[in-house]
Amino acid sequence: IADGRPESPLRTLVPKLIDQHGLLGRQPGERKLDDVGVEELSGLIFRSGKEKATDAVASALADGFSPESVGEAISLAANLLVLRQVEGRAHGASRGVHGSDAVNAWRNMVRVVSPDNAFIGLLVAAYHTAEYSADPNVQGDPFPHDEHRERMTETDPAKLLGRAEAAIRENDQVLAAAAVDRYGYLGHGAEPVFDLMLQFAVSEDGRLHAEKYFQTVVEEFATSSPAFRWRQLVGSARVSASAYGYTVDDKPGFRAPGYEDAVRLLGA
């Protein structure tokens, strides 16, 4: 390769799987994975390593499952990168934010390209999601943990949103996640949560990571099964709590450049 880096294994693996599963020149299937199937495939992608994860996606496509349905499973696996991170900042150029944004981008491209390129795009998305999941720092129990769920006893949506906002401002990732998880579990509407998350997506110094990830959460929430969509907003709450008051270089006491001036000029 011209820049001196070694050739990516994808250059060999993807053509091999396309040929092995007879995907070249084939029309995408229309079968839909049920919730159990989505959960199983996403878990396999997350825990099985790059080659096995990519092969599992190729197999699902060859079995006639639609790119949209398979893409949902890959998105759910990427969301686990956010929810299972053990320590450190979850915002900025983290595994979870990068992984989720990348899968969202691939899914949007897959919707408008040729069938061959749609298959290839999903294989690449699965490969890199599984590659990120090999990091030991994303192998923890998913947020929110049981002990934090137990601390969320409120049922009033306004109080739960207040708990979420307070936790974000205190950089309490686990309680922010627990509050939003509880809110969704009780069946409250999502729009007020998006409004809250948008506030922090534009106010913090994420260098566009925050804005991109917010849009990812909006789109993945809209296209995911009701059984899984709230995981996206739980991830957003965690990332927002990580980002509040920090730059992407972990320097405290900062907001997004120009934010205060924009608020003043707009009278917001």
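All of GLY92, GLY96, GLY140 fail the test of being under 21 Å from GLY235 (Cβ atoms) and in contact with a His (Cβ under 8 Å, 6 or more places away or on another chain), apart from GLY92.
Applying the condition of being closer than 15 Å to GLN215 by Cβ and touching a residue at least 24 places away in the same chain (Cβ under 8 Å) to segment 101-136 and asking which residue is most open to solvent (accessible area, probe 1.4 Å) yields TRP106.
Would you be able to say whether some residue in segment 168-186 is farther than 20 Å from TYR244 by Cβ and either open to solvent by 70 Å² or more (accessible area, probe 1.4 Å) or touching a Phe, Trp or Tyr at 6+ places or on another chain (Cβ under 9 Å) (or both)? Yes, segment 168-186 contains at least one residue that is farther than 20 Å from TYR244 by Cβ and either open to solvent by 70 Å² or more (accessible area, probe 1.4 Å) or touching a Phe, Trp or Tyr at 6+ places or on another chain (Cβ under 9 Å) (or both). Of the residues contained in segment 143-152, one or more are found to be more than 30 Å from GLY22 (Cβ to Cβ) and aliphatic (A, V, I, L, M).
So, in segment 35-52, of the ones that are open to solvent by 40 Å² or more (accessible area, probe 1.4 Å) and in contact with a helix residue (DSSP H, G or I) (Cβ under 9 Å, 6 or more places away or on another chain), which residue ends up farthest from PRO67 (Cα to Cα)? Top of the filtered list is ARG47.
The rows are residues; the columns are (1) at positive phi; (2) surrounded by fewer than 24 Cβ atoms within 10 Å (Cβ to Cβ); (3) at pLDDT below 95; (4) within 16 Å of the chain's Cα centre (by Cα).
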residue	(1), (2), (3), (4)
GLU204	no, no, yes, no
ARG207	yes, yes, yes, no
TYR213	no, no, no, yes
PHE221	no, yes, no, yes
ARG238	no, no, no, yes
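Of the listed requirements (1) hydrophobic (A, V, I, L, M, F, W, C); (2) closer than 17 Å to GLY92 by Cβ; (3) within 19 Å of the chain's Cα centre (by Cα), ALA256 misses just one: (3). Answer with yes or no whether HIS98 is in contact (Cβ under 8 Å) with a residue 12 or more places away in the chain and buried (at least 22 other Cβ atoms within 10 Å of the Cβ). Against the criterion (in contact (Cβ under 8 Å) with a residue 12 or more places away in the chain and buried (at least 22 other Cβ atoms within 10 Å of the Cβ)), HIS98 does not qualify.
Of the residues making up segment 137-163, those that are open to solvent by 50 Å² or more (accessible area, probe 1.4 Å), over 24 Å from the mean Cα position of the chain (by Cα) and at pLDDT below 95 are GLU150, ARG151, THR153. Contact map, segment 3-18: first residue of a type in the set (A, V, I, L, M, F, W, C), second residue open to solvent by 70 Å² or more (accessible area, probe 1.4 Å) and part of a helix (DSSP H, G or I), Cβ cut-off under 7 Å, separation 6 or more or different chains; pairs are LEU13/GLU51.
As a summary of the residue check, GLY92 satisfies the conditions (1) open to solvent by less than 10 Å² (accessible area, probe 1.4 Å); (2) in contact (Cβ under 8 Å) with a residue 40 or more places away in the chain; (3) closer than 22 Å to PRO9 by Cα except for the one numbered (3). Against the numbered list (1) at pLDDT below 95; (2) crowded, with 16+ Cβ neighbours inside 10 Å; (3) among the basic types (Lys, Arg), LYS251 comes up short only at (2). Can you tell me which residues in segment 143-166 are hydrophobic (A, V, I, L, M, F, W, C) and assigned to a helix (DSSP H, G or I)? Once the filter is applied, which keeps residues that are hydrophobic (A, V, I, L, M, F, W, C) and assigned to a helix (DSSP H, G or I), segment 143-166 yields ALA158, LEU160, LEU161, ALA164, ALA166.
The values are calculated or read from the model by the stated rules, or taken from the named source; none is laboratory data. What you see is a predicted model, and the numbers here were worked out from it, not measured in a lab. Here the Cβ is made from the backbone with ideal geometry for all residues, glycine too, and neighbour counts use every protein chain on show. Calculation scope for accessible area: heavy atoms of the full protein, side chains included, ligands and nucleic acids excluded. Shrake-Rupley method; radii C 1.70, N 1.55, O 1.52, S 1.80 Å.
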